[in-house]
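Q: The structure follows.
Each value in this text was obtained by applying a stated rule to the coordinates, not by laboratory testing. None of these values were measured; they are calculated from a predicted model. We place every Cβ from the backbone using ideal geometry, glycine too, and count neighbours over all the protein chains shown.
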Amino acid sequence: MDLKLVLLQVSKNTTMKKIFLLVSFICLMAACKEQTPSGLVLDNDTISSDSTYMAAAETPQPRAILIEESTGNKCSNCPAGKSQIDQMIQANPERIKVVALHFAGLEVDDPSAQYYSLENPDVRSLISYLDGDQGQPCAAFGREPIAGKYFILRGSGGNWTAALADELNKSTPVNLRLNSIYNAATNQATISTTLAFTDTTSDKIYLSLFLVEDGLVGKQDSAAGFSVVHIEDYEFNDVLRKAITPVIGSPVLNDLALKEKGRVFRRDIIFFPDAAWNKDKCRIVAVVHKSDASDKHVLNVAETHLK
């Protein structure tokens, strides 16, 4: 039977049938090279399926804040910036999610001296998509621009504390839930992201999924007065390893003029992580945001462990 006819017989109205659709597609792809069916998006390492329905409107969640931190192992002021972000997290439990962007300008790769570069193409693309290099340490707080820039230079260039306080006071029109199941035998992660609209919006909405890794160890420069010291066995956390979606995000129901209060959207993605990553220390960060040239504001963010 033609692959398209098989898939058309499968209703998308229940979770079990959605799973059957994905599994059938994966199995049949090995036997034939039919065109990818409508509703499934296939690239080098992901398969995705979308569904949507109306339900009773949910109570709005407290909005979580995304901090995108530009850093590097040769940035001597970055450990102090990371310490300030850690204090923010402790003061605001469950409200702050961090993605660390290791920028090539202050990142070196010299294994003989225990400097290990954590920079990668997705980091370069994301920094370019926002502002480009603003110096280190700098950070974006919910992608809310200050003086026309998303990245705020710590210290004389900008006030991180004030930027965070402003974001914490904002609400969100969308609740966000995230789940990940990892099968080590097949190296397959099944990531489910659910958006529940708690208010009607006409905004164009995008979803970004990032994989970050904790517990990476190497040498880090650090400021000590007017001198620079080298911290051995420094632990790097929240390191962006991969943008699972396009860096600029993938659209969510943007064919609808309005996303009504009570509408629920779910995206299921099958993703195959890189063998070099420590799966026990990897997390998925989901970001719901705008993606216009003049407005990239983050509406909500959630995270979960890969496994």
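Q: Can you compute the charge dipole magnitude of the stretch 267-307 about its Cα centre, using +1 on each Lys and Arg Cβ and -1 on each Asp and Glu Cβ, nothing else charged? Give it in debye, rounded to the nearest 20. Can you show the working numbers first?
A: Details: 7 positive and 6 negative charges, 26 e Å.
Dipole magnitude for the stretch 267-307 comes out near 120 debye.
Q: Also, I was wondering about something else. Most exposed first by the Cβ proxy, i.e. fewest other Cβ within 10 Å, how do 231, 85 rank?
A: Ordered from fewest to most neighbouring Cβ atoms within 10 Å, 231, 85 come out as 231, 85.
Q: What is the packing order of peptides 164-171, 265-272, taking the mean over residues of other C-beta atoms within 10 Å and listing the highest first?
A: Top of the packing list down: 265-272, 164-171.
Q: If you don't mind, another one. Select from the stretch 174-235 those chymotrypsin sites (Phe, Trp or Tyr not before Pro) which occupy a DSSP coil region and have at most 14 other Cβ atoms within 10 Å, ordered by residue number.
A: Here the sparse-neighbourhood loop sites are 226.
Q: As an exercise, take the mean of 1/r over every pair of distinct alpha carbons in the stretch 237-286, invert it, and state the Kirkwood radius in angstroms.
A: Its Kirkwood hydrodynamic radius stands at 13.9 Å.
Q: If you don't mind, another one. Could you sort 68-80, 252-264 so that the peptide with the highest average Cβ count within 10 Å comes first and the rest follow in order? Write out the running numbers ahead of the final one.
A: Details: 68-80: 22.5, 252-264: 14.7.
Top of the packing list down: 68-80, 252-264.
Q: Taking the Cα centroid of the stretch 131-162 and of the stretch 220-255, what is the distance between the two, rounded to the nearest whole Å?
A: If you average the Cα positions of each part, the centres end up 15 Å apart.
Q: Suppose R0 equals 35 Å; then what is the FRET efficiency for residue 256 and residue 59 from their Cβ-Cβ distance, rounded to the nearest 0.05? The partial results should precede the final answer.
A: Details: r = 23 Å, r/R0 = 0.65.
In this case the efficiency is close to 0.95.
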